[in-house]
Structures are given as C-alpha cells and as structure tokens.
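K.L.:
Mind having a look at this structure? Questions to follow.
The values are calculated or read from the model by the stated rules, or taken from the named source; none is laboratory data. None of the values given here were measured: they were computed from a predicted structure. Glycine also receives a Cβ, built like all others from the backbone with ideal geometry; neighbour counts cover every protein chain displayed.
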Amino acid sequence: MFEIGFLGTSASAPSVERGLSSLVLLYREHRFMIDCGEGTQRQLLRSGLGFRKLDKILLTHGHLDHILGLGGLVSTFSRWESISTIDIYGGGWALQRVEDLMHVVLRGDEVDMAVNLVEVQPGPIWQDGTMTISAIPVIHRGPGCFGYVFEEASRRPFLAEKAERLGVPNGPERRLLVQGQAITLADGRVVEPEEVLGEEERGTKYVHIGDAGATANLVEPCREADALVIEATYASDEADMAARFGHLTATQAAELAREANVAHLFLVHISRRHNARDLLREARAIFPNTVVPRDLDQYRISKRKVERTARERGR
C-alpha cells in the first residue's frame, strides 16, 4: 500500500489554485518526494505532511518548474530540520542544474549537510526487500527524462485456517513459515511452508510520469498499475500544440491508461488556460476511473483500489 499527497499540480507556472509540480509518496517508514517545484516547502506545511524523514527526492526531468523548489527546501533542511543527508535522484542533465542551484544554496561554511546527487539509468534505482523503485525513460524536451515505477514485492498470503488445522501455534513458528522455512511441532510433525501459504499475489503498483510527449513506450511499464499519475497539459483540440511542445492531451493520457489496463488515473500538470472539469470530462469519456486532483489532496493506493484520505482545505 502507498499513500500519495499532491503538493503541486499546475503546468509551467503556478496559478491561484495550483502550485508547481511536486508529490510526496509514503511507504512504511519511507518518504519520497517526486519533483520539487517552486513553493513546495510551503505546500508541505499546508498539507500537514511536514518535513520528517523526507530525505529522498526523485526528479522526472530538469525543467525549472520541477526543480526550483529544491533551493528553499534544502536551505530549510540544512538549518532547521534534523536531516543531515538528502539523496536527489535524476537524469544527468537534471542533476547538473541541481548542482548549479546547490552551489548557491550551500555556499559558505555555515551549512553542514550532505546532498548526494544520484544519476539514474533505466531499471531499479532503490529497493529494500519489500518494494522496488524503477526508472523508465520518458520522451520529453531535453535529455534524461524519467518516470518512476513503485512496486511492492509479491507475497504469498498466510492461510491461518490451514495453520490452525495443522496445529501451528501463534508466534515465531508462523513467522518462520511466512519466511519460507519449515518448522517442527512439539509432537515431531514437520510443517512445510507450502502447506500454509496461498498462491503468490503481486504487490501494489504505482507509476508516476512527469512531463511526456509520447505514450507508446509507456504502455508496458504502466501495465496493470493500480494508479498512474501523468500529465494532461492540453485538451484534445490542441493536439498539434501538445506535440510541438512535448506534452500530452487528456485524451492521450486516458488512452494510455485504458491500453495498459490501469486501475485509476490521476491527471496533473494542468495548464492555467484550461478548466480542470473540461479535461476531466474529456478523459472520463475514454477512461472513467479518472481524477483531476487539487493541490493538497491525499490518497491511499492498494491493489485495484484508491481511497481519498484528505482533501484541499475548504472543499
């Protein structure tokens, strides 16, 4: 299960209602930020999510509306928050721009903080045994653009009723069976994991795509995702303009979700020139399970299920 909080959902420049691109994903004790547009740290405070344990930032690409908030965020971390190290993942060009920004933010001897710039390549970039994050190439303007796939490890559910019938006591014996180890009961009988574990079930899958100008290469990485977050900067009647500037229409995003059999679609990177309701209507005509979130909306994502847990204040 993942939890996501939308911090900024506007395209290119902020609007009165929407800030620039940023999202926080929570998984167990981990927190990941994806993109960090201008004003992100204030959005963090407004959301109630705060700064705690936020030490990993993934960048989809290096355009300024996705990275400028790093200056203020890192400055705050370095002076006021108990975070001594932050890892920033991204393509090479994006990290070059971040490095230039950090030369301004972290100059002098008054800052004691390590900023690690981790250049990503397609494939796994982070894992802890229960979840893997993989980078996927995305076609947009400029080099080194990536999306990110968050996928829980597959697991075999423990069948408590079978364990009861076999006389397996509660406690460490059951934990060993879940870990794939056989146990010996007090009466000498050996119970194998196969006797108390069900069929393997895949974990929850979440896919995050930043700006994108094409979808053909995204179908397989998005396949069977429980939730997909992707841009919808333009309406379908502006398809030529979208192609010229390397962006998607709401129709293209919805068609991707339908072809990849995604469970739920979230449209972000909303242009100030569009009414979100119109983009939502366009996408839902193709893919009904579509949402256009507002800034500060929060959701819980599990297998084929999405539940809103918090919403923008005043709604």
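K.L.:
Taking the residues in region 199-237 that are among the basic types (Lys, Arg) and either touching a residue at least 40 places away in the same chain (Cβ under 8 Å) or in a helix (DSSP H, G or I) (or both) as candidates, determine which candidate is surrounded by the most Cβ atoms within 10 Å (Cβ to Cβ).
P.N.:
First, pick out the residues of region 199-237 that are among the basic types (Lys, Arg): 202, 205, 223.
Filter again for either touching a residue at least 40 places away in the same chain (Cβ under 8 Å) or in a helix (DSSP H, G or I) (or both), leaving 202, 205.
On the way: 202: 13, 205: 23.
The qualifying residue surrounded by the most Cβ atoms within 10 Å (Cβ to Cβ) is 205.
K.L.:
Going by what's in this entry, would residue 104 be described as assigned to a helix (DSSP H, G or I), closer than 23 Å to residue 136 by Cβ, assigned by TED's automatic domain parsing to the domain that holds residue 145 and of a type in the set (Val, Ile, Thr)? Reasoning before the result, please.
P.N.:
On the way: assigned to a helix (DSSP H, G or I): yes; closer than 23 Å to residue 136 by Cβ: no; assigned by TED's automatic domain parsing to the domain that holds residue 145: yes; of a type in the set (Val, Ile, Thr): yes.
No; evaluated as a whole, the condition is false for this residue.
K.L.:
From the list 277, 308, 273, which one is part of a strand (DSSP E or B) and either among the β-branched types (Val, Ile, Thr) or surrounded by fewer than 14 Cβ atoms within 10 Å (Cβ to Cβ) (or both)?
P.N.:
Working: 277 fails: part of a strand (DSSP E or B); 273 fails: part of a strand (DSSP E or B).
Unique residue meeting the criteria: 308.
K.L.:
Show the residue pairs meeting these rules: Cβ distance below 6 Å; 6+ apart or different chains; first residue within region 50-70 and in contact (Cβ under 8 Å) with a residue 40 or more places away in the chain and in the same structural domain as residue 95 (by TED's automatic domain parsing); second residue buried (at least 24 other Cβ atoms within 10 Å of the Cβ) and of a type in the set (S, T, N, Q).
P.N.:
Listed pairs, sorted by first residue: 66/21; 69/40.
K.L.:
Considering only residues of region 175-198 that are closer than 30 Å to residue 3 by Cβ and touching a helix residue (DSSP H, G or I) at 6+ places or on another chain (Cβ under 6 Å), which is surrounded by the most Cβ atoms within 10 Å (Cβ to Cβ)?
P.N.:
To start, the set of residues in region 175-198 that are closer than 30 Å to residue 3 by Cβ comprises 175, 177-180, 197-198.
Then drop every residue that is not touching a helix residue (DSSP H, G or I) at 6+ places or on another chain (Cβ under 6 Å), which leaves 177, 180.
Numbers: 177: 23, 180: 11.
Among those residues, the one meeting the criterion is 177.
K.L.:
Could I ask something else about it? Considering region 280-305 alone, what residues qualify as being in a strand (DSSP E or B) and either farther than 21 Å from residue 213 by Cα or hydroxyl-bearing (Ser, Thr, Tyr) (or both)? Break it down stepwise before answering.
P.N.:
Restricting attention to region 280-305, the residues satisfying the condition of being in a strand (DSSP E or B) are 290-291, 298-302, 305.
Within region 280-305, 290, 298, 299, 300, 301, 302, 305 qualify.
K.L.:
When you check residue 270 against the structure, is it among the aliphatic types (A, V, I, L, M), at pLDDT 95 or above and touching an Asp or Glu at 6+ places or on another chain (Cβ under 7 Å), yes or no?
P.N.:
Numbers: among the aliphatic types (A, V, I, L, M): yes; at pLDDT 95 or above: yes; touching an Asp or Glu at 6+ places or on another chain (Cβ under 7 Å): no.
In short, no.
K.L.:
Any chance region 130-139 includes a residue that's of a type in the set (Gly, Ala, Ser) and crowded, with 17+ Cβ neighbours inside 10 Å?
P.N.:
yes
K.L.:
Check region 151-174 and report whether any residue there is within 21 Å of residue 128 (Cβ to Cβ) and in a helix (DSSP H, G or I).
P.N.:
Scanning region 151-174 turns up no residue that is within 21 Å of residue 128 (Cβ to Cβ) and in a helix (DSSP H, G or I).
K.L.:
Continuing with the same structure: Which residues, counting only those in region 40-65, are part of a loop (DSSP other than H, G, I, E, B) and surrounded by fewer than 19 Cβ atoms within 10 Å (Cβ to Cβ)? Walk me through how you get there before you give the answer.
P.N.:
Kept after step one, since they are part of a loop (DSSP other than H, G, I, E, B), are these residues of region 40-65: 48-55, 59-63.
Correct list: 48, 50, 51, 52, 53.
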